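Take a look at the structure below.
The values are calculated or read from the model by the stated rules, or taken from the named source; none is laboratory data. Worth saying up front: this structure is predicted, and the values here are computed from it rather than measured. Glycine gets a Cβ as well: all are built from the backbone with ideal geometry, and neighbour counts include every protein chain shown.
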Amino acid sequence: MAVTRVEVTPKQGEGMRDVRGDVIRRQLKADHNLDVSNVRSINGFLIKSNVEKSAIDDRANDLFADPIIEDVLTDSLFLTSSEHFPLTPDAAITIGFKPGVTDNPGSAAYDGFQTLFPQTDLVDASISTYHTYAFFGLPDGVTCEWLAATLHNSLIQRAVVADSAACSNGQWPAIDYPEKPPQTLTPPKRVDLEIPDEALENLSETGLLALNLEEMQTIQAHYRDTTIQQSRAAVGIVPDAPTDVELECLAQTWSEHCKHKIFASKIHHVDVDTGEDTYIDSIFKTHIMKPTHDLQKEVDWLLSVFHDNSGVIAWDENWSVCMKAETHNSPSALDPYGGAMTGIVGVNRDILGTGLGARPIANTDVFCFGPPDWDGELPDNLFHPSRVFRGVHAGVRVGGNESGIPTVNGAIVFDNRYIGKPLVYCGTVGIMPRKLPDGRESHIKTPSPGDIVYMVGGRVGYDGIHGATFSSLELTEESPSSAVQIGDPITQKKMLDMVLEARDAGLISCITDNGAGGLSSSIGEMAEYTNGCEIDLAKVPLKQPGLSAWEILVSESQERMTIAVRPEHREAFDAMAQLHEVEATPVATFTNSGMFHVKYGEDTVAYLSIEFLHDGVPQLQLESEWSTPTPEKFDPATIQLDKDGHSDLLLRMLARPNIASKESWVRQYDHEVIAQTAVKPFVGVHRDGPGDAGVIAPLHGDPHGLVISCGIAPRYSDLDAGAMAAASIDEAVRNAVCAGINVDKMAGLDNFCWPDSIESVKTPDGKFKLAQLVRANRELERVCRAYKLPCVSGKDSMKNDYGTGEKKISIPPTLLYSVFGDQPDVRFTATSDFKNRGDKIYLIGQSKEELGASEISFMLHESGEAAGIGGQVPLLPDPETNLTTYRALSTAIQAGLVRTAHDCSEGGVAVAAAEMCIGGRVGAEIDIDGTGPSGVWSRLWGESLGRFIVGVQPEDEADFVEWMSGHSITLLGEVTDTDKMVISDGYEVLIEAEIDSMVESWQNTLDMTGGVA
Amino acid sequence: MSAPKVAVLFGFGINCDHETAAVFNLVGGDSERIHVNHFVSGNRSLEDFEILAVPGGFSFGDHLGSGRLMGNRMRFALREQLHAFVAAGKPIIGICNGFQVLVKTGLLPGPGADGPLPDFVQRASLTLNDSGRYEDRWVTLEFDDQSPCIWTKGIQRIDCPVRHGEGKFVMPSTTDFDALAANHQLTVRYVDPKSPIGEGISDQPLPFPLSPNGSMRNIAGICDATGLVFGLMPHPEAVYAKWLHPDHTRNTAPGPLTSDTLGEWEGEGLQMFRNAVQYVLSKR
């Protein structure tokens, strides 16, 4: 087959712009302070087909180019055309994909190609795309190699460059079609496990199996059982040893990622400070599952917890809602764009795979990065934090926007230690009718033996092999590229449309997504319902031929659901797939044989009992030892304030990346598709004040709402990971209260990201890190029980480290807590922006002497003005009382009594009040005298939990005070129509700041767009 | 009288189909979400509907230019059905990606007033925002009160969100714009909210973000010469209710004081859909 090249470039002329080139130019300025006078772009297509070049040339303007705005050239490079490129560039760089990497524009072009050439035999035709950038006026000293490295990721892309000399000589970069070398199918192999222990460990390590010695020995023992050997011989599979298919399948199913072995382990916990010496049999069962099940007995709205892809709650009589959050940290470190995109589209599939299928209606995303302005050293193989930030943001943006799901809430957190491993949390909320038209309850799966199991959506390829086991290992310089995938949101959207129609037509008996572990996990997990399945891997459609059986079974190629259909519904299901142009292939049947039976054609390649597959993994026994860290104390008395005192500190605090406005990033997410978003991520007169929580009214015409919020406070782990967990939960709940959530109908998600916490040579401090996990979970249980807050779903990612030994970087233990719940009427909600002059400002809660690990302590410690960040971390001693206060405030908001509310977190009262002035573009007079039993610094900057600042109209003040009687409220002052925020302590003025300066400090830090010029 | 039947297209990445269908129902329409392939395959016929809506989204991921691949499918597979639809005097709206699709099929701006039926020739385009960024932000729109557009009658100024990366409206020459302007087909423009109502429209490009994309002559939407086919980049359906306006939390969201559907909570965007439904009823 011939390859035809087509190139497209924007027309030059009045009013026309080369926007793709402009974007590159602005980013070089924003990230590297490089001034390039002009960048021009060319889009290239390499079309491999039997269609004549002349025929393609004739239709080039119908498909590849838009004749109004673009020029097109067939079979030649634009750079050779002096008509289109009269000036010689200083450098030209062409970037294309490596063979086998998902090329979404290429697939779309191929789809369009079929529309134009429907009669042609296109069986093996395909289209690959590339970009060329020509640089004009490049500053001296910028090399092509550096530019190319900045513009592409060599893990998944190829770059061809022409430097200034090459450009002058007309040696242009021409990239070829990325032909994948043919693969030969390797038949399943017997893997000999009758080898010494050392060799077993070695086998696990070199094979990326991520199994420990005890687990390897358990597998070894399994194959020594003579009954098992006999049953294996009967089906014609090697009797006394696993096949590679089986070993891979066990490694995926037993991975930390899938089995949560640390949360399930038996922990010997010692507290050096208190003398406690005890055993905990599964943190998960003890501290998460038990409290939630206890709560399930008290309420009637917890429909499904833990066992499905997301937790489901009844929202009203007719509708239920569900939510799930996941992390995609390791892939995002290697390929920020692709890794993050698969994160968001992956969690969307969890929602689609909940019950009999829920519709995703809102996304959340929370990122933890290294500082974007980092100028220190970077370990090998790691990207600069600003590049990780850009890539992750772009991946989530494209994944969410193209899927038509609004991003309504999130956060971005910075700390040096996330340079080693960024955290990329993606969450999705879904909705489903409680009863389907055929009368079945939508949250209950109804599989039975004999059901046909389809693989629906994308095909299986080499991308995504070993994702689950890989994420259960630390990141190294040799981390494999096959663990990285790029999502294809449109293939997924087509599948989503189809699946929801199939659900409503009653065609689905069971559904789950293909994520970690691929078919091995998805079919394996569903087979637990009927106690057996038989899979034929030869039927699985592949992206390219040659995949071995084990690769087909465990590949995590994206955009796939596994769906069980009753035999009598097959025809209707096939027709629906055809209409939506979605590939749906029967690959298995459910049985009740008790076996996970995998064939390749006629040959049995894996034969494992469902019981051994799912429950055979031995429980880990781990050691945990706590002693309270005592870092140098943060002591305000030692701080030398300059002449502007706290006013100067305020402007510096507002510019801290952890506090600064993220608007330029968040505005690039579609946050209001579906026409339901009643409180948007940014609020206030100029729609640039911070929103506390997302509020949506998903039923069109009905103001009944849902609140979605989150809390995260990783730096408190430096003092106590237990306090960190309590603070995260409290922050999420406070944010939701600001929006008027019904505190008696809210649910939570716990997403733990931890560094390796198993003591070993690689992790000598594993006992302490595990003790941090124990404390975090004990606090999680205590606070959630007090708040009547069930944890309906969660996830843990337990190996967030980079490197080993001296070079090792471990993330701070991080809990993201997400809350979703009922909001009775979105017309009655509150936002953070101050509304009108004369509104009374109140503080709810008390400011205590709690400056440990506060943002102000970190700022002054990093600048050398303070000796340390230690001291009392914010605590939550009496959560039961907090809940009653939250209920009072939330109902006051629902009653329309309070229209302004903002929670106090990083930066305390000073920062919260500043943000409220920014949102309303008004001034305020505030007196913090009497706001708590603590010094000025704590009352101004302290981060004590349980606090809000609210605004109340003067005519409502008396009612408000009465409504809140019995709760701690303090009058702070009132909103003014001046352009200044003034904060005093009694007669002493502490802060006097102009609104414009606050806006500037707050907005500039993270505006990395490079402007619009 | 039976409610006018509205076909709301979906499939291949269209994603505003649910809300677009819902707003027609709120104003007396009888809408149905229909997969494009039902019309392509002949399972269903456009003839059975009285209004066609092409909602927003990312058809085919907007690869190769927004709306282009969906535009091609419609241009090649639905040519006769679409021609007959307009010839029968039935309204069509394209919102955001739907507008891009209508422009790329050639339905907008369409041929001149002397032979206004569709000829499926592309005469304009919507291209990347000058900023290079996809953004979701609220803009203020003002309408040409002399436009023949049946969708915008009586609407003077509204606030709406834009949510696009490719909304810059371009045509090859100023004479193209002059011809459309003379027919009052430049139906809706981005304006400065501080300008007096009725005096906002200007041909001089407004700065970002008042014009979110650098559109020539600040164009947000246009109609064809018949006034039946209308497309715009902003999302009127996204402000069907006041509680979707960012200012509702400040009790200052604009919109009608009363309405038959949402009482005092009707948003400014709903009238456009009511106009089309009432137009169809008036022609029966």
Of B:153, B:168, which residue is touching a residue at least 40 places away in the same chain (Cβ under 8 Å) and over 22 Å from residue B:277 (Cα atoms)? B:168
Positions within the stretch A:673-691 being within 7 Å of another protein chain (Cβ to nearest Cβ) and within 14 Å of residue A:835 (Cα to Cα), in sequence order: A:683, A:687
Which pairs do you get when a residue that is assigned by TED's automatic domain parsing to the domain that holds residue A:106, found in the stretch A:130-145, comes within reach of a residue that is in a strand (DSSP E or B) and acidic (Asp, Glu), reach meaning Cβ atoms under 8 angstrom, with the pair 6+ apart or on two chains? A:132/A:7
Which condition breaks for residue A:5 when tested against (1) closer than 21 Å to residue B:215 by Cα; (2) charged (D, E, K, R); (3) crowded, with 19+ Cβ neighbours inside 10 Å; (4) out of contact with any Pro (no Cβ under 6 Å at 6 or more places or on another chain)? (1)
Mind listing whichever residues of the stretch A:954-1013 are of a type in the set (A, V, I, L, M), within 18 Å of residue A:916 (Cα to Cα) and at pLDDT below 95? none
Filter the stretch A:648-665 down to residues that are part of a loop (DSSP other than H, G, I, E, B) and of a type in the set (D, E, K, R) and give me whichever is farthest from residue A:691 (Cα to Cα). A:656
In the stretch B:124-142, anything within 8 Å of chain A (Cβ to nearest Cβ), touching a Gly at 6+ places or on another chain (Cβ under 7 Å) and charged (D, E, K, R) is listed as B:130, B:133
Take the residues of the stretch B:220-237 that are touching a Lys or Arg at 6+ places or on another chain (Cβ under 8 Å) and outside any strand (DSSP E or B): which is nearest to the other protein chains (Cβ to nearest Cβ)? B:235
Determine which member of the set A:163, A:124, A:197 is buried (at least 16 other Cβ atoms within 10 Å of the Cβ), of a type in the set (Asp, Glu) and either over 23 Å from residue A:78 (Cβ atoms) or assigned by TED's automatic domain parsing to the domain that holds residue A:96 (or both). A:163
Which of (1) surrounded by 24 or more Cβ atoms within 10 Å (Cβ to Cβ); (2) not in a strand (DSSP E or B) is the odd one out, the single condition residue A:695 does not satisfy? (2)
Go through (1) closer than 18 Å to residue A:520 by Cβ; (2) among the hydrophobic types (A, V, I, L, M, F, W, C); (3) without any contact (Cβ under 8 Å) to a residue 60 or more places away in the chain one by one and return the number of the condition residue A:595 breaks. (3)
Do we find that residue B:211 is in a loop (DSSP other than H, G, I, E, B), touching a strand residue (DSSP E or B) at 6+ places or on another chain (Cβ under 7 Å) and at pLDDT below 95 in this structure? no
Suppose we filter the stretch A:14-39 for residues that are at negative phi and within 14 Å of another protein chain (Cβ to nearest Cβ); how many remain? 17
Only one of these conditions is not met by residue B:107: (1) at pLDDT below 95; (2) more than 14 Å from chain A (Cβ to nearest Cβ). Which number is it? (1)
List the strands (runs of 3 or more DSSP E) that sit entirely inside the stretch A:218-335 and contain at least 3 residues that are touching a strand residue (DSSP E or B) at 6+ places or on another chain (Cβ under 9 Å), of a type in the set (A, V, I, L, M, F, W, C) and touching a residue at least 24 places away in the same chain (Cβ under 8 Å). A:311-314, A:319-327
Somewhere in the stretch A:236-249, is a residue among the acidic types (Asp, Glu), more than 27 Å from residue A:756 (Cβ to Cβ) and surrounded by 18 or more Cβ atoms within 10 Å (Cβ to Cβ)? yes
So residue A:825 passes all but one of these: (1) within 30 Å of residue B:242 (Cβ to Cβ); (2) surrounded by 24 or more Cβ atoms within 10 Å (Cβ to Cβ). Which condition number does it fail? (2)
Could you go through the stretch A:183-193 and let me know if any residue there is more than 20 Å from residue A:41 (Cα to Cα), in a helix (DSSP H, G or I) and of a type outside the set (A, V, I, L, M). no
Name the residues in the stretch A:828-838 that are buried (at least 24 other Cβ atoms within 10 Å of the Cβ) and part of a loop (DSSP other than H, G, I, E, B), would you? A:829, A:830, A:832, A:833, A:834, A:835
Restricting attention to the stretch A:331-354, does a residue exist that is surrounded by fewer than 24 Cβ atoms within 10 Å (Cβ to Cβ) and acidic (Asp, Glu)? no
Go over the candidates A:85, A:97, A:64 one by one and state the one that is facing chain B (nearest Cβ under 10 Å) and either more than 23 Å from residue B:132 (Cα to Cα) or buried (at least 16 other Cβ atoms within 10 Å of the Cβ) (or both). A:64
Between A:428, A:407, which is farther than 16 Å from residue A:333 by Cβ, within 14 Å of chain B (Cβ to nearest Cβ) and within 13 Å of the chain's Cα centre (by Cα)? A:407
Has the stretch A:624-631 got any residue that is outside any loop (DSSP other than H, G, I, E, B), out of contact with any His (no Cβ under 9 Å at 6 or more places or on another chain) and more than 8 Å from chain B (Cβ to nearest Cβ)? no
Conditions (1) at negative phi; (2) within 14 Å of another protein chain (Cβ to nearest Cβ); (3) modelled with pLDDT of 95 or more: number failed by residue B:217: (1)
